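First comes the structure, then the notes that go with it.
The values are calculated or read from the model by the stated rules, or taken from the named source; none is laboratory data. All of these numbers come straight from a predicted model, not from anything done at the bench. We place every Cβ from the backbone using ideal geometry, glycine too, and count neighbours over all the protein chains shown. When the accessible area is computed, the model is the full protein with side chains, heavy atoms only, and any ligands, DNA or RNA have been set aside. Shrake-Rupley method; radii C 1.70, N 1.55, O 1.52, S 1.80 Å.
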Amino acid sequence: MSKEIVVSGIRSTGYLHLGNYFGAIQNYVLMQENYECYFFVADYHALTTHPDPKELKSNVFRVAAENIASGLDPNKVALFAQSDIPEIPELYLMLNMLAYKGELEKVPTFKEKVRNHTDNVNAGLLTYPVLMAADILVHRAAKVPVGKDQEQHLEMARNFAERFNNRYGDFFPEPQVFRFNNDAVKIMSLDGNGKMSKSENVNATIFLSDDDNTIRKKIMKAKTDAGPTEHNSEMPDYIQNLFLLMQLTSRPEVTESFKNSFNTCTVRYGDMKKQLAEDMVAFLRPIREKAAELQKDEDALRRILKEGADRGRASSSKTIAGARKLMGMNYY
Ligand code: ADP
Ligand code: TRP
């Protein structure tokens, strides 16, 4: 039986952080064994904010290196840069004819950009979900490992697939969100303000490239409070986030013991953060060191991306040929 197809991408807009790792990459690594995987650096998507060309290039290489350092094996998956697959913009153009201005304007991420970046509300920002749908549908993927923040975009990809199928004949599967343990992991910023992200408060974001002392400093400054005053109180979300990070990086009995002390109002957040900091340092060190080593060998990374692009193109050119035929654009 042929393997199910999986697609996912990460924008090359900066340094990867714990949210990217636990929300996305960890699932990629688990999926690579049993699925046909296409993972890419979304450099076209990064263009919405007009990055400096020099930075864009090093960002693309770093994102690729950090994915590999996190356990992605380029022999098992196709790892490539989005802009190396010309079939993606081709399908994007086709899907744009099936996407409506009204629905695109209603997307929360677009509305947020309009509110916060009034000086650059370009058409690429408006059609961001269409490009994302093209990334996925160009391989006719069934499963998409992404964090919770991307669910709405995925729903739009399903809508575009369905519209295409209704108009031209059944062709695209409707891609579903995929997570191994079924829980959507969402890592909050350490200052308690929204999700951890590449571009928000860098002092409250732990990057995969942070050195040991930076990790320690950031965790020790994470938001806490005076602690609970009643047994088994509900945890504020920023405390929940620290427990989540602990669960993801510390030994189970360590997390359990701090949970008990929370429930009995004896928790000392200073001690908890110290423990978390040391476990996080041990967790991230090998990833950081491997990523740094990979980035030193640009030729090797280039070869990996080229090979990934060849595999990505083989899959997407078949899809485009099929789509063109259904649309009546098979002239030769
Ligand atoms: P960012 O929001 O930092 O720019 P991307 O938009 O490139 O990151 O997201 C890449 C992947 O990482 C997506 O699958 C996204 O859902 C996931 N992701 C990003 N931030 C978080 C977070 N704080 N918690 C969980 N998953 C996240
Ligand atoms: N929009 C995604 C994000 O911001 C990145 C992305 C682009 C993506 N194309 C994709 C994710 C295709 C999954 C599949 O996180």
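From the alpha carbon centroid of the range 231-271 to that of the range 164-229 is 19 Å. Once both labels are positioned 7 Å from their Cα atoms along Cα-to-Cβ, the gap between Y100 and K57 label points is 4.4 nm.
Per residue, the solvent-accessible area of the range 98-138 (1.4 Å probe, heavy atoms of protein chains only, all protein chains present) comes to 50 Å². Comparing N59, Y35, G9 along the charge dipole axis of the range 1-93, the residue lying farthest to the positive side is N59, per the Cβ-charge model. Normalised by the number of residues in the range 211-332, the average gap of Cα pairs under 8 Å and 6 or more apart makes the relative contact order 30 percent. For K198, the accessible area of its heavy atoms, probed at 1.4 Å with every protein chain present, is near 30 square angstrom. Residue order by solvent-accessible surface for D212, D310 is D310, D212, largest first, with ligands and nucleic acids left out and a 1.4 Å probe. From largest to smallest, the equivalent ellipsoid semi-axes obtained for the range 218-259 from the alpha-carbon gyration tensor read 17, 15, 8 Å. When both bridge partners sit in the chain, DSSP labels roughly 10% of those beta bridges antiparallel. For GluC sites (Glu not before Pro), the sites in the range 1-43 that DSSP calls loop and that have at most 15 other Cβ atoms within 10 Å are E4, E33. Of the accessible area of the range 178-311, computed with a 1.4 Å probe over protein heavy atoms only, carbon and sulfur atoms account for 46 percent. Sequence-distant contacts, meaning Cα pairs under 8 Å at least 6 residues apart, place the relative contact order of the range 164-272 at 22 percent.
Quick one: compute the contact order of the chain, relative version, from alpha carbon pairs under 8 angstrom and 6+ residues apart, as a percent. That works out to 24 percent. The magnitude of the dipole of the chain, with charges of +1 and -1 set on the Cβ of Lys/Arg and Asp/Glu and taken from the Cα centre, is near 400 debye. Against the main long axis of the alpha-carbon atoms of the chain, helix 237-249 sits at an angle near 80°.
Taking all protein chains together, F110, F160 sort by accessible area into F110, F160, largest first [probe 1.4 Å].
Where the alpha-carbon atoms of the range 133-277 are placed on the principal axes, they occupy 63, 34, 25 Å, in descending order.
Along the range 220-225 the Karplus relation, 6.51 cos²θ - 1.76 cosθ + 1.60 evaluated at θ = phi - 60°, assigns HN-Hα couplings of 5, 8, 4, 5, 9, 8 Hz to successive residues, with x for each Gly and Pro.
Within the chain, the ratio Rg/Rh, alpha carbon atoms throughout and Rh by Kirkwood, equals 1.00.
Counting Lys and Arg as +1 and Asp and Glu as -1 over every other residue whose Cβ lies under 12 Å from the Cβ of F172, the net charge comes to +1. Ranking of S257, S199 by solvent-accessible surface, largest first: S199, S257 (1.4 Å probe, protein heavy atoms only, all chains present). With protein chains left intact and a 1.4 Å probe, residues in the range 245-316 average 55 Å² of accessible area per residue. Along each principal axis, taking the top coordinate minus the bottom one, the Cα set of the range 237-291 gives 41, 21, 17 Å in descending order. Across the range 192-200, computed HN-Hα scalar couplings (Karplus, 6.51 cos²θ - 1.76 cosθ + 1.60, θ = phi - 60°) run x, 9, x, 7, 5, 8, 5, 10, 7 Hz from first to last residue, x flagging Gly and Pro.
If you take the Cα centroid of the range 103-131 and the Cα centroid of the range 5-51, the two points sit 21 Å apart. Put simply, the range 157-214 fits an ellipsoid with semi-axes of 39, 13, 11 Å; these come from the alpha carbon gyration tensor as the roots of five times its eigenvalues, largest first. Each residue of the range 144-159 was assigned a 3J(HN,Hα) from its phi angle through the Karplus curve 6.51 cos²θ - 1.76 cosθ + 1.60 (θ = phi - 60°); the sequence is 9, x, 9, x, 4, 5, 9, 4, 5, 4, 5, 4, 5, 4, 5, 4 Hz, with glycine and proline shown as x.
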